[in-house]
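The values are calculated or read from the model by the stated rules, or taken from the named source; none is laboratory data. None of these values were measured; they are calculated from a predicted model. Using ideal geometry, Cβ is built from the backbone for each residue, glycine included, and neighbour counts are taken over all protein chains shown. All accessible areas refer to the heavy atoms of the entire protein, side chains included, with ligands and DNA or RNA removed. Shrake-Rupley method; radii C 1.70, N 1.55, O 1.52, S 1.80 Å.
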Amino acid sequence: MKNIPHDYYLRFINSSVYDDVLEFHYKGNFIFHKAFKDRTILHRLDEKHLAQLTGNELAFYPDLDLTIKLPQDNREESLCRNESCEHFLPLPLEFSDVEKLMCPLLSKSQDSYKRGYPSAGALYPAEIFLCSLTEENSNWPSAGKILHLLPRSRKFEVMQIETDIEELKAALLSSFNNIGTPSLALIYAIYMPKNLFKYRYRGYRMALMEIGSIYMLVELQAKSLGLACRLWSAYTDTMLCRALGINPALFFPVCVHFIGRQNETY
């Protein structure tokens with residue numbers, strides 16, 4: 001079979017494994033909605049304890065000096081991502097920049113399945129959706145604002161769903177943090193039937209590792225293009241799947257990657 005339909009993988013998965021992973025994944029879901037903003041709580045830590053517990057390194061022997069100092073080389077010469085963008089400016093992106101952003105994720109040729117990031121067993125369960133968040137994005141190739149990346153074919157697939165930009169923003173930016181106006185959202189989702197049929201439970205772990213590799217490549221490519229980035233998890237899975245036109249029982253959105261431009265003062 002040259003072109004496998006996406007639901008073909010359902011033949012090969014174990015239903016009990018699938019149900020277990022689905023149940024576990026749903027425990028990590030949040031609901032972001034103004035109706036619940038004063039009724040839900042994540043933890044009971046105050047700001048003092050949060051400040052104490054976050055941003056720290058984990059030392060096994062904090063009271064003993066058993067450390068070896070690293071040389072103070074120039075960090076700018078290293079291969080490092082930029083800091084996360086605090087506030088995006090409402091500026092458009094050229095679609096040529098969007099294409100360049102995807103280059104590290106593509107297969108080198110149509111004759112090779114290998115892409116720019118590692119995948120356990122060459123399963124590639126991570127699916128990447130590109131969402132334009134502004135009408136001003138230059139040269140966007142279709143009326144539809146959502147594209148699906150086909151890395152081996154080196155093409156974009158136009159998602160056949162009528163989702164306007166405000167609906168996309170409502171699904172993506174439903175929390176109450178003001179991060180400005182990102183121009184593009186990349187959504188990294190796991191297609192679960194493709195993920196579990198070979199490695200079963202361990203496939204879920206491998207898929208998360210794969211998406212981490214993908215978004216770091218995107219961060220480095222964005223830096224080379226002068227673009228700002230911010231990873232984002234403040235969304236509700238079902239709302240996001242509905243906006244994309246995908247089944248939330250088969251596709252798990254793992255994270256969102258906002259791309260755009262920022263003021264240099266941030």
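Can you confirm whether the range 238-245 contains a residue that is among the aliphatic types (A, V, I, L, M), modelled with pLDDT under 95, open to solvent by less than 50 Å² (accessible area, probe 1.4 Å) and in contact with an Asp or Glu (Cβ under 9 Å, 6 or more places away or on another chain)?
Yes, the conditions are met somewhere in the range 238-245.
If only one of Ser138, Ser109 is among the small types (Gly, Ala, Ser) and either touching a helix residue (DSSP H, G or I) at 6+ places or on another chain (Cβ under 7 Å) or modelled with pLDDT of 90 or more (or both), which one is it? Give the derivation first.
Working: Ser109 fails: either touching a helix residue (DSSP H, G or I) at 6+ places or on another chain (Cβ under 7 Å) or modelled with pLDDT of 90 or more (or both).
The unique qualifying residue is Ser138.
Would you point out which residue out of Pro193, Pro182 is buried (at least 17 other Cβ atoms within 10 Å of the Cβ) and in a loop (DSSP other than H, G, I, E, B)?
Numbers: Pro193 fails: in a loop (DSSP other than H, G, I, E, B).
Residue meeting the stated conditions: Pro182.
Which of the residues that make up the range 1-42 are open to solvent by 100 Å² or more (accessible area, probe 1.4 Å) and either among the charged types (D, E, K, R) or at pLDDT 85 or above (or both)? Walk me through how you get there before you give the answer.
Step one: of the range 1-42, the residues open to solvent by 100 Å² or more (accessible area, probe 1.4 Å) are 1-3, 6, 11-12, 23-24, 27, 31, 34, 37-39, 41-42.
Within the range 1-42, Lys2, Arg11, Phe12, Glu23, Phe24, Lys27, Lys34, Lys37, Asp38, Arg39 qualify.
Taking the range 43-58 only, how many residues are open to solvent by less than 100 Å² (accessible area, probe 1.4 Å) and in a loop (DSSP other than H, G, I, E, B)?
So the first thing to find is which residues in the range 43-58 are open to solvent by less than 100 Å² (accessible area, probe 1.4 Å), and the list is 43, 45-46, 49-51, 54-55.
The next check asks that each one be in a loop (DSSP other than H, G, I, E, B); those that pass are 43, 45-46, 54-55.
Going through the range 43-58 one residue at a time, the tally reaches 5.
Could you please find all residues in the range 153-174 being touching a residue at least 12 places away in the same chain (Cβ under 8 Å), acidic (Asp, Glu) and open to solvent by 80 Å² or more (accessible area, probe 1.4 Å)?
Glu162, Asp164 - these are the residues of the range 153-174 that are touching a residue at least 12 places away in the same chain (Cβ under 8 Å), acidic (Asp, Glu) and open to solvent by 80 Å² or more (accessible area, probe 1.4 Å).
Here's a check for you: in the range 59-94, which residue that is farther than 30 Å from Leu133 by Cα and hydroxyl-bearing (Ser, Thr, Tyr) is most open to solvent (accessible area, probe 1.4 Å)?
First, the residues of the range 59-94 that are farther than 30 Å from Leu133 by Cα: 59-78.
Going one step further and asking which of them are hydroxyl-bearing (Ser, Thr, Tyr), we end up with 61, 67, 78.
Working: Tyr61: 143, Thr67: 112, Ser78: 60 Å².
Out of the qualifying residues, it is Tyr61.
Let me confirm something: among Leu208, Leu240, which residue is more than 23 Å from Asn178 (Cβ to Cβ) and in a helix (DSSP H, G or I)? Break it down stepwise before answering.
Working: Leu240 fails: more than 23 Å from Asn178 (Cβ to Cβ).
Answer to the check: Leu208.
Being open to solvent by 20 Å² or more (accessible area, probe 1.4 Å), closer than 15 Å to Glu83 by Cβ and of a type in the set (Gly, Ala, Ser) is the filter here, so list the residues in the range 205-237 that pass it.
If the condition is that a residue be open to solvent by 20 Å² or more (accessible area, probe 1.4 Å), closer than 15 Å to Glu83 by Cβ and of a type in the set (Gly, Ala, Ser), then Gly226 is the only one that fits.
Which of the residues that make up the range 124-152 are open to solvent by 20 Å² or more (accessible area, probe 1.4 Å) and closer than 30 Å to Arg202 by Cβ?
Glu127, His148, Leu150, Arg152
Considering (1) part of a helix (DSSP H, G or I); (2) open to solvent by less than 70 Å² (accessible area, probe 1.4 Å), say which one Arg202 fails and leave the rest.
Exception for Arg202: condition (2).
Just need a number here: residues in the range 246-258 that are surrounded by 20 or more Cβ atoms within 10 Å (Cβ to Cβ) and more than 20 Å from Glu210 (Cα to Cα).
1
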